[in-house]
Amino acid sequence: MRGKDVLNDGLGRIAENVSAVLDGLGPDELNRAPARGANTIAWLVWHLTRVQDTQVADVAGTEEVWRSGGWFERFGLDLPAEHTGYGHTPADVARVVVDDVSLLQGYYDATHAVSRDFIESLSDSDLDRVVDAHWDPPVTLGVRLVSIIDDDAQHIGQAAYLRGLFA
């Protein structure tokens, strides 16, 4: 098995879990927080998708799907286009309100497709390319992609937990 096969398998598991969490949810479940100031399913899925989109675009040298695919306009959030959710305050989290589950699923699917295609284009030696020299040791492309999968797995797990609370 090649490195890209492992990475695409990991991303595929995230995609399956995103679909499972979102399946059949309405606006009330999507935007309900378990406590004041806590994350919602809508915010968690939006955030994990923004993180994947932003970081893959950075290492691939491409534009984010968020902008190139018109998702920023379709979501119409009261947030700047560059926001990914990183460092969001409870007030920022509350601005991520999504009434149509297909909007979240569509943005995730578009981002996943671009991520999968980028990973498919890689060779094992590409994964050794340093993408961030500000760390010790420097971060390679392979490490960055694993980090994206890890972050997404944590957030989709949180969303699945919330779905269980609200079901």
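The values are calculated or read from the model by the stated rules, or taken from the named source; none is laboratory data. These numbers were taken from a predicted model, which means no experiment stands behind them. Every residue, glycine as well, gets a Cβ built from its backbone with ideal geometry; the counts of neighbours run over all protein chains shown. These area figures cover heavy atoms from the full protein model, side chains too; ligands, DNA and RNA do not enter into them. Shrake-Rupley method; radii C 1.70, N 1.55, O 1.52, S 1.80 Å.
So which of T40, T62 ends up being open to solvent by 60 Å² or more (accessible area, probe 1.4 Å) and β-branched (V, I, T)?
Details: T40 fails: open to solvent by 60 Å² or more (accessible area, probe 1.4 Å).
Matching residue, one of T40, T62: T62.
Considering the conditions (1) farther than 21 Å from G164 by Cβ; (2) of a type in the set (D, E, K, R); (3) free of Cβ contacts under 8 Å to residues at least 12 places away in the same chain, E16 is excluded by exactly one of them, (1).
Would you check if there is a residue in segment 9-29 being open to solvent by less than 40 Å² (accessible area, probe 1.4 Å), more than 21 Å from Y86 (Cα to Cα), over 17 Å from the mean Cα position of the chain (by Cα) and small (G, A, S)? Yes, some residue in segment 9-29 is open to solvent by less than 40 Å² (accessible area, probe 1.4 Å), more than 21 Å from Y86 (Cα to Cα), over 17 Å from the mean Cα position of the chain (by Cα) and small (G, A, S).
Looking across segment 110-128, the residues that are surrounded by fewer than 16 Cβ atoms within 10 Å (Cβ to Cβ) and either part of a helix (DSSP H, G or I) or touching a strand residue (DSSP E or B) at 6+ places or on another chain (Cβ under 6 Å) (or both) come down to A113, D117, E120, D124, S125, D126, D128.
Taking segment 32-108 and the helices (runs of 4 or more DSSP H) fully enclosed by it, the elements with 2 or more residues that are closer than 24 Å to A160 by Cα and in contact with a Lys or Arg (Cβ under 8 Å, 6 or more places away or on another chain) are at 41-60.
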